[in-house]
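J.: Below you will find the structure I want to go over with you.
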Protein chains: 2
Amino acid sequence: MSRADQPLAYARTQGAHFVEELKEFIRFPSVSARPEHGGELRKCAAWLAAHLARVGLERATVIPTPGHPLVYAEWLQARDAPTVLIYGHYDVQPAEPLDQWRSPPFEPVELRDELHGRGASDDKGQMFAHIKAIESCLRTSGRLPVNVRCLFEGEEEIGSLNFAPFLAKNRMALAADVVVVSDSATRGKDRPAITYGMRGALNLELRVKSGKADLHDGLFGGSVHNPLQGLCDIISRLQTSNGVIKVPGFYDRVREITADERAYMARQGLTDEEIMTAAGITRSWGDPGYTLYERTTIRPALSVSGIAGGYQGPGPKSIIPAEAVAKLNFRLVAEQQPREIYQLVRDHVARLTPATLQSRTTLQLAADPVTVPRRHPFIRAAALACHKAFGATPAFVRSGGTNPAVAAFQRILGLPTALVGFGLPDDRIHAPNEKFHLPNFHKGIAFGIRFLHELGGSGSVMSHDYR
Amino acid sequence: MSRADQPLAYARTQGAHFVEELKEFIRFPSVSARPEHGGELRKCAAWLAAHLARVGLERATVIPTPGHPLVYAEWLQARDAPTVLIYGHYDVQPAEPLDQWRSPPFEPVELRDELHGRGASDDKGQMFAHIKAIESCLRTSGRLPVNVRCLFEGEEEIGSLNFAPFLAKNRMALAADVVVVSDSATRGKDRPAITYGMRGALNLELRVKSGKADLHDGLFGGSVHNPLQGLCDIISRLQTSNGVIKVPGFYDRVREITADERAYMARQGLTDEEIMTAAGITRSWGDPGYTLYERTTIRPALSVSGIAGGYQGPGPKSIIPAEAVAKLNFRLVAEQQPREIYQLVRDHVARLTPATLQSRTTLQLAADPVTVPRRHPFIRAAALACHKAFGATPAFVRSGGTNPAVAAFQRILGLPTALVGFGLPDDRIHAPNEKFHLPNFHKGIAFGIRFLHELGGSGSVMSHDYR
């Protein structure tokens, strides 16, 4: 009999009640992108802090930021045991388009074994599993096997702009050994996954201008440089037709991956077919020297996420627009540093800008790539807990996405993060009819209980090799 | 004493009354771009037809089209005299932004010697001068020195899509010798101008697609071809950095202009400085082998008038858009044929489109270049009338703009058009606070009277050389 048995039994008997509490959490329309929802985010944060206090955590607090508040709580009575920092986010994506929801987004309902509602999977349901794991331990044994700090933010969906500065200011007060984050998906039902790499991000806005006002293209076409043409010319020179980025120095800190690691990725990761099916395309694109899984995880990429300029209505209009703007998303890997890359891109864009136009590059988001050592003892503890909770060995996968908060944990606190997702790949996060697979909610709670106990030394980490 | 003296005297005594009538005309908010204004355009057309009948023209009719109606009237009793077709348009540009008008756009007011209101210059005031010239002749001598057909349209500001088909169907019924159009500007006060060349136009929409839906650029960036990137790559390959168009065959029908003509243009046309000042730029662009006046009149040009794709709001967004669209405006010269150029561009875009993307090119507007022989007797008659009415020799200038109706007169009826503008360069057409210089309204009426008499043979065309 393990010390985790009692909390696991508690979680089983309380399962239905936990789902009712999760519904309460989802009812707050905590849409961080809408300034007019600020009050709802503060209400949600207050509810969350009160809930953390009720389950037995200490110093539960709402912490104001220049944006939406953070929520913090801790339990630090496990002398000589490690400290785990649990991160999640209580803010959600906008629910629009509302007419495509089968049930109202902020009135959660159970349909068979799914809980429908905005935030059910991303991230309220997943972070709530950890809170319920803590409750299950505290209510049965009166203590936790390790020290715990909970830190939940309200700006993940809008770029976590206030999160890294908060970490930097509170480095000492947040001392910990490992971070655990559940804000991702498994590879399918009963196919758990641990993410061990994420790409960094550098998001820029590029603005190109000519004169002060739009001009008539009949009267001036041929004599005035068109900012939209200039923008296209610059963008076209930023990468080859295969997506190899042509900014000098861009690849200097991109290490070639070892043959061993590539072989590991080929065994564990997504196939070309899986990626093409998920993307809904019949012809892939990119550097032919790499598989699609490699192109989207260990190789950098540049995506133009938006261009606006001139007339966009129906029919023609006779103008040379005065200005054009593009949004450029770079995904970064290995040792690439967003701010260094920003300088390289900015200098290169300046070189590419002809004297007949002006350009301006603005930084909008910068986040480091994240790498988690798979052999780190805490990560192995997570893998073991995952195996026990889900009944299957987790796949170790890389993600092409970015998590600025996880990047900040790595860069500012020097902490590894166990990225263990409870979502399913088809949870429709960011889309209408978002849902959470409730068996994964309960498995997530079991994972949380197991993980705390593995970290507390009652598990058997050393006997497994999850390489 | 000339036969024009009595009508000219009548016009002088009736001047103030004519301005009141013009105000009545301007009060109709005949904005062709707004489908909800259809009723206003029909009311305006009915008022116009009634007015043409009242001044003594015959068969005054409102002619329905698939869009806004045409208005026609004639006077054909001048046996053995030529027939002049007077063209104009009673539709106007939208008045927005309304908050920038100092007086309501459809409540015309006189401020010193200016009449303010939407359409005052473009084109109600200018076309109305011809109607008042006809009235001045008919009320004094009971007849006109030549045959006259008036044809006024209600869709000039939206591309005259129904005009060329109407001409093609009514070729015989519209038989004439020359067209006169006043829908342009002089070179300044007391500096009259006759336009003898206009560029053609080919407006296209270029749409580039990848998959069915927007994708997350973190998860898929590097493996899926981005339509915005593809669009930029295609556009960047359509012309050189100096605006030389790289579509094969594009220049086949562009004749090099003679040294004589270039010298004439240098004497009569706008200087580089005048064009740069008008454009509000400090550095010009384009083919260094030509002056700015040449680049904007006798050379073709490609302007990207709009691009839309992906996210355009504030801050970053993590997407690869599914689709991107650009509007391409080609200006054509000499013997270039819009539909032939359309084929060339379409084929070239198809060649430039990689297999990883789909592209589609749609035709939105096509109009031929227009050239008027400066030595044509009717054009010389217009120049003489212009000299008499304005007290100065008119400059013969080229315009970089396009007039689909004038192109249709040339192509379908084979008629030369005398393009004699009464506006001033700063009339703010298409912008808030449009105004018409009232001395030019009265000079325009005098021009109309003089022109009819010159064409009727009572002038002295042969003694002048307006080369």
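Computed from the coordinates by the stated procedures, all read-outs in this text should not be read as laboratory data. Please read these numbers as outputs of a predicted model, since none were measured by experiment. Every residue, glycine among them, receives a Cβ derived from its backbone with ideal geometry; neighbour counts consider all protein chains shown.
J.: When every alpha-carbon pair in the range A:155-300 is counted, what percent end up more than 23 Å apart?
T.: Percent of Cα pairs beyond 23 Å in the range A:155-300: 62.
J.: Ok, one more. Explain nothing, just compute: Karplus ³J(HN,Hα) = 6.51 cos²θ - 1.76 cosθ + 1.60, θ = phi - 60°, for every residue of the range B:56-67 in order, whole Hz, x for Gly and Pro.
T.: These are the phi-based 3J(HN,Hα) values: x, 6, 10, 6, 5, 9, 8, 10, x, 10, x, x Hz.
J.: Explain nothing, just the number: dipole magnitude of the protein assembly as shown about its Cα centre with +1 on each Lys and Arg Cβ and -1 on each Asp and Glu Cβ, in debye rounded to the nearest 20.
T.: Dipole about the Cα centre, nearest 20: 840 debye.
J.: If R0 is 25 Å, what FRET efficiency do you get for B:Lys43 and B:Asp99 from their C-beta distance, rounded to 0.05?
T.: 0.45
J.: To continue, here is another question. Distances from A:Glu335 to the same position in the other copies: list them in nm, one decimal, shortest first, using label points 7 Å from Cα along Cα→Cβ.
T.: 6.5
J.: Calculate the translational D of chain A in whole µm² s⁻¹ from Stokes-Einstein, where the hydrodynamic radius comes from the Kirkwood formula applied to all Cα pairs, the temperature is 4 °C and the viscosity 1.567 mPa s.
T.: Using the Kirkwood radius from Cα pairs, D works out to 54 µm²/s.
J.: Continuing with this model, one more query. For the range A:259-389, calculate the relative contact order in percent as a whole number, restricting contacts to Cα pairs under 8 Å that are 6 or more residues apart.
T.: Here the relative contact order equals 16 percent.
J.: Write out the trypsin sites (Lys or Arg not before Pro) in the range B:223-255 meeting two conditions: DSSP loop, and at most 14 other Cβ atoms within 10 Å of their Cβ.
T.: Sites meeting the loop and neighbour criteria: B:Lys246, B:Arg255.
J.: Another question, then. If neighbour count is taken as other Cβ atoms inside 10 Å, put A:Thr296, B:Thr393 in order from fewest to most.
T.: Fewest to most other Cβ atoms nearby, the residues stand as B:Thr393, A:Thr296.
J.: Counting only other residues whose beta carbon sits under 15 Å from that of A:Phe163, what net charge do I get with K and R as +1, D and E as -1?
T.: Here the count lands on -4.
J.: Hey, another quick one. Between A:Thr277 and the same site in the other copies, what are the distances in nm, shortest first, taking label points 7 Å from Cα along the C-beta direction?
T.: For A:Thr277, the inter-copy label distances come out at 6.9 nm.
J.: Roughly what angle does helix B:259-268 make with the longest principal axis of chain B, taking Cα atoms, 0 to 90 degrees, to the nearest 10?
T.: 70
J.: Still on this structure, I have one more. Expected output is a single nm value to one decimal: the length gained when fully extending between A:Leu111 and A:Arg267, i.e. 0.36 nm times separation in residues minus the C-alpha distance. What is it?
T.: Computed gain between A:Leu111 and A:Arg267 is 52.6 nm.
J.: Under a Cβ-Cβ cut-off of 11 Å, what is the net charge of the residues other than B:Tyr290 that fall near it, where Lys and Arg count +1 and Asp and Glu count -1?
T.: Local charge sum for B:Tyr290: -1.
J.: Just grab the label-to-label distance for B:Gln77 and A:Ala50, each label 7 Å out from Cα along the Cβ direction, in nm (one decimal).
T.: 9.4
J.: Quick one: what do you get for the range B:214-345 if you divide its Cα Rg by 2.2 N^0.38 Å?
T.: That ratio works out to 1.38.
J.: Run through the range B:77-171 and list the trypsin sites (Lys or Arg not before Pro) located in a DSSP loop whose Cβ has at most 13 other Cβ atoms within 10 Å.
T.: Passing sites in the range B:77-171 are B:Arg79, B:Arg102, B:Arg112, B:Arg143, B:Arg171.
J.: Still on this model: Helix A:338-352 against the longest principal axis of chain A: what's the angle in degrees, Cα atoms only, rounded to the nearest 10?
T.: Rounded to the nearest ten degrees, it is 10.
J.: While we're here: What is the Cα centroid distance between the range B:142-221 and the range A:342-415, reported in whole angstrom?
T.: First find each Cα centre; the distance between them is then 54 Å.
J.: Out of all DSSP beta bridges in chain A, what portion is antiparallel? Express it as a percent rounded to 5.
T.: Antiparallel bridges: around 70 percent, rounded to the nearest 5.
J.: Run the label-point distances for A:Asp113 please: 7 Å along Cα to Cβ, every other copy, nanometres, shortest first.
T.: Between copies, matching label points for A:Asp113 lie 8.8 nm apart.
J.: Using Cα pairs under 8 angstrom and six or more residues apart, how large is the relative contact order of the range B:339-467, in percent?
T.: 31
J.: Just want the answer: with Cβ charges of +1 for Lys and Arg and -1 for Asp and Glu, which residue in B:Ala263, B:Gly218, B:Pro82 is farthest toward the dipole's positive end in chain B?
T.: B:Pro82
J.: Now for a separate question. What number, in percent, do you get for the relative contact order of chain A if the mean sequence gap of Cα pairs under 8 Å and at least 6 apart is divided by its residue count?
T.: With pairs under 8 Å counted, the relative contact order is 25 percent.
J.: If you count, for every residue in B:317-323, the Cβ atoms of partner chains within 10 Å of its Cβ, what is the mean?
T.: 5
J.: Might you report the magnitude of the Cβ-based charge dipole of the range A:149-297 about its Cα centre, with Lys and Arg at +1 and Asp and Glu at -1, to the nearest 20 debye?
T.: Charge dipole of the range A:149-297: 280 debye, to the nearest 20.
J.: Moving to a separate point now. Excluding A:Glu205 itself, calculate the net charge of residues whose Cβ lies under 11 Å from the Cβ of A:Glu205, where each Lys or Arg counts +1 and each Asp or Glu counts -1.
T.: Residues close to A:Glu205 contribute a combined charge of +3.
J.: Report ³J(HN,Hα) in whole Hz for each residue of the range B:398-404, in order, from the Karplus equation J = 6.51 cos²θ - 1.76 cosθ + 1.60 where θ = phi - 60°; Gly and Pro get x.
T.: Listing the rounded values in order: 9, 10, x, x, 9, 10, x Hz.
J.: Could you give me the ³J(HN,Hα) list for the range B:102-118, computed from phi with Karplus coefficients 6.51, -1.76, 1.60 and θ = phi - 60°, whole Hz, x at Gly and Pro?
T.: Using θ = phi - 60°, the values come out as 7, 9, x, x, 10, 10, x, 9, 8, 10, 6, 9, 10, 9, 9, x, 5 Hz.
J.: Taking a 20 Å limit on the Cα-Cα distance, which of the listed pairs A:Lys23/A:Lys43; A:Lys209/B:Lys209; A:Lys209/B:Lys246; B:Lys124/B:Lys327; A:Lys212/A:Lys327; B:Lys124/B:Lys435 fall beyond it?
T.: Long pairs (Cα-Cα over 20 Å): A:Lys209/B:Lys209; A:Lys209/B:Lys246; B:Lys124/B:Lys327; A:Lys212/A:Lys327.
J.: While we're on this one: So what is Rg over Rh here for the range B:1-120, counting just Cα atoms and using Kirkwood for Rh?
T.: Result: Rg/Rh = 1.02.
J.: Return the aspartates and glutamates within reach of B:Lys169: Cα separation strictly under 19 angstrom, same-chain partners fewer than 8 residues apart disregarded; answer none if there are no such residues.
T.: Answer for B:Lys169, where 19 Å is the Cα cut-off: B:Glu74, B:Glu153, B:Glu155, B:Glu156, B:Asp177, B:Asp368, listed by chain and number.
J.: For chain B, give the magnitude of the charge dipole about the Cα centre (Cβ charges: +1 Lys/Arg, -1 Asp/Glu; no others), in debye to the nearest 20.
T.: 700
J.: Note the full-extension length gain between B:Arg27 and B:Arg255 as 0.36 nm times their separation in residues minus their Cα-Cα distance, in nm to one decimal.
T.: Once the chain is fully extended between B:Arg27 and B:Arg255, it gains 77.5 nm.
J.: Moving on to the next point. In the range B:302-382, with Lys and Arg counted as +1 and Asp and Glu as -1 at Cβ, which of these residues, B:Leu357, B:Ile379, B:Ala367, has the Cα nearest the positive end of the dipole, that is, farthest along it?
T.: In the range B:302-382, that residue is B:Ile379.
J.: Still on this structure, I have one more. Mind jotting down the three principal axis lengths of the protein assembly as shown based on Cα atoms? Whole angstrom, largest first.
T.: Dimensions of the protein assembly as shown along the principal axes of its Cα atoms: 124, 49, 45 Å.
J.: Considering only B:Ala175, B:Leu328, A:Pro97, whose Cα is most displaced toward the positive end of the charge dipole of the protein assembly as shown, charges sitting on Cβ of Lys, Arg (+1) and Asp, Glu (-1)?
T.: Checked the options; the winner is B:Leu328.
J.: Identify the GluC sites (Glu not before Pro) of the range B:205-311 meeting these criteria: DSSP loop state and at most 13 other C-beta atoms within 10 Å of the C-beta.
T.: The qualifying sites are B:Glu256.
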